[in-house]
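Chemist: What follows is a structure written as structure tokens; I'll ask about it next.
The values are calculated or read from the model by the stated rules, or taken from the named source; none is laboratory data. Values in this document were obtained by computation on a predicted structure and should not be read as measured data. Quick reminder, even Gly has a Cβ in these numbers, built from the backbone with ideal geometry, and neighbours come from all protein chains shown. All accessible areas refer to the heavy atoms of the entire protein, side chains included, with ligands and DNA or RNA removed. Shrake-Rupley method; radii C 1.70, N 1.55, O 1.52, S 1.80 Å.
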Amino acid sequence: MVLRREGLWAVRDFDPESAARRAFRGIEATPYDPRWVVPGVYRPYEEALSVRVENADGRERGLGLTGEVVFELDGRVHALQVAVEDDGTLWAVFADATSGRSTFRFRFLRPAAPTEDGTVTVDLNRALLPPCAFADHFICPFPPPGNTLDLAVEAGERRVLTG
């Protein structure tokens, strides 16, 4: 696959016989638990901002953020900074108390588009592994400051299984 990133041309080779592909055994995921589905509110910023964050390749890049999703879980209020995708859905990069221990270093969350009044469902059962969990050549942004939840999110995709 030919691609252009940061002004440079590159070729990404997909090798179905690679060692990593042969070692892949699946994705460890937690069974669905309704406890991790909570109502939230999307609060857009007055204007979008760009925060410099480290990426999986060791380089720092700007991460565009358009607002935050605020929600309550276990009697405490939490917030995640998010971006709005072209289709209106939200996208967050987050870590939690399990990150780097029983889960990958960070995960993605993609809530549906908020309603007109900003209401959105936060379903942590749908936490996803980022592409860089599967292969080193993907550039994934790390969570921006403030996007590390101080609770253990025992939900969603947890890590890649190899063997």
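Chemist: In Å², what does the accessible area per residue of the range 51-163 work out to with a 1.4 Å probe? Can you show the working numbers first?
Modeler: Details: 5290 Å² over 113 residues.
Result: 47 Å² of accessible area for each residue.
Chemist: Measuring from label point to label point, each 7 Å out along Cα→Cβ, what is the Glu85 to Ala29 span in nm?
Modeler: About 1.5 nm separates the two model spin labels.
Chemist: For Glu72, Glu46, what's the largest-to-smallest order of accessible area, 1.4 Å probe? Each step should come with its number before you reach the end.
Modeler: Details: Glu72 105, Glu46 195 Å².
The most accessible residue leads, giving Glu46, Glu72.
Chemist: Assuming R0 = 35 Å, what is the FRET efficiency of Arg101 and Tyr45, from their Cβ-Cβ distance, to the nearest 0.05? Show your work: numbers first, answer last.
Modeler: Numbers: r = 32 Å, r/R0 = 0.91.
So, using R0 = 35 Å, E works out to roughly 0.65.
Chemist: For Ser102, Ser50, give the ranking by accessible area with the largest first, probe 1.4 Å. Show your work: numbers first, answer last.
Modeler: Details: Ser102 35, Ser50 85 Å².
Correct descending sequence by accessible area is Ser50, Ser102.
Chemist: Run the quick spin-label model on Asp136 and Arg52: label points 7 Å from Cα toward the beta carbon, then report their separation in nm to one decimal.
Modeler: Simple spin-label model gives 2.6 nm for this pair.
Chemist: Return the calculated 222 nm mean residue ellipticity for the chain, to the nearest 500 deg cm²/dmol, obtained by summing -39500 (n - 2.57) across DSSP H runs with n ≥ 4 and dividing by the residue count. Before the final figure, lay out each step's value.
Modeler: Working: 1 runs with 5 residues, N = 163.
Estimated from H runs of four or more residues: -500 deg cm²/dmol.
Chemist: Restricting to the range 81-163, compute how many DSSP beta bridges are antiparallel as a %, nearest 5. Spell out each step's value before the answer.
Modeler: Values: 6 of 8 bridges.
So the antiparallel bridges amount to about 75 percent of the total.
Chemist: For Rg and Dmax of the Cα atoms in Å, pick the label among (1) 16.7, 49; (2) 15.1, 47; (3) 23.8, 87 that corresponds to the value derived from the coordinates.
Modeler: Computed from the coordinates, Rg and Dmax of the Cα atoms in Å corresponds to (1).
Chemist: Right, another one. When the solvent-accessible surface of protein heavy atoms is calculated with a 1.4 angstrom probe, in what order do Val77, Val38 fall, highest first?
Modeler: On the way: Val77 105, Val38 15 Å².
Solvent-accessible surface, decreasing: Val77, Val38.
Chemist: Looking at the chain as a GNM with Cα springs under 10 Å, which of Ala23, Ala83, Ala112 has the largest mean-square fluctuation?
Modeler: Its mean-square fluctuation being the largest, the pick is Ala23.
Chemist: So what are the three principal axis dimensions of the range 45-101 from its Cα atoms, in whole Å, longest to shortest?
Modeler: Result for the range 45-101: principal-axis Cα extents of 36, 33, 20 Å.
Chemist: While we're on this one: Quick one: length gained pulling Arg110 to Thr162 fully straight, 0.36 nm per residue minus the C-alpha distance?
Modeler: Details: separation 52, 0.36 × 52 = 18.72 nm, distance 2.54 nm.
This chain segment gains 16.2 nm when fully extended.
Chemist: Using R₀ = 45 Å, calculate the FRET efficiency as 1/(1 + (r/R₀)^6) where r is the Cβ-Cβ separation of Asp117 and Val2; round to 0.05.
Modeler: Numbers: r = 44 Å, r/R0 = 0.97.
So the FRET efficiency works out to roughly 0.55.
Chemist: I would also like to ask the following. For the chain, which whole percent of the accessible surface, found with a 1.4 angstrom probe, sits on carbon and sulfur atoms? Before the final figure, lay out each step's value.
Modeler: Details: 4980 of 9450 Å².
Whole-percent figure for carbon plus sulfur exposure: 53.
Chemist: Of Arg105, Arg126, Arg52, which has the largest mean-square fluctuation in a 10 Å C-alpha GNM of the chain?
Modeler: Residue with maximal mean-square fluctuation among Arg105, Arg126, Arg52: Arg52.
Chemist: Expected output is a single nm value to one decimal: the length gained when fully extending between Glu17 and Arg61, i.e. 0.36 nm times separation in residues minus the C-alpha distance. What is it?
Modeler: Values: separation 44, 0.36 × 44 = 15.84 nm, distance 3.22 nm.
Extending this stretch completely gives an extra 12.6 nm.
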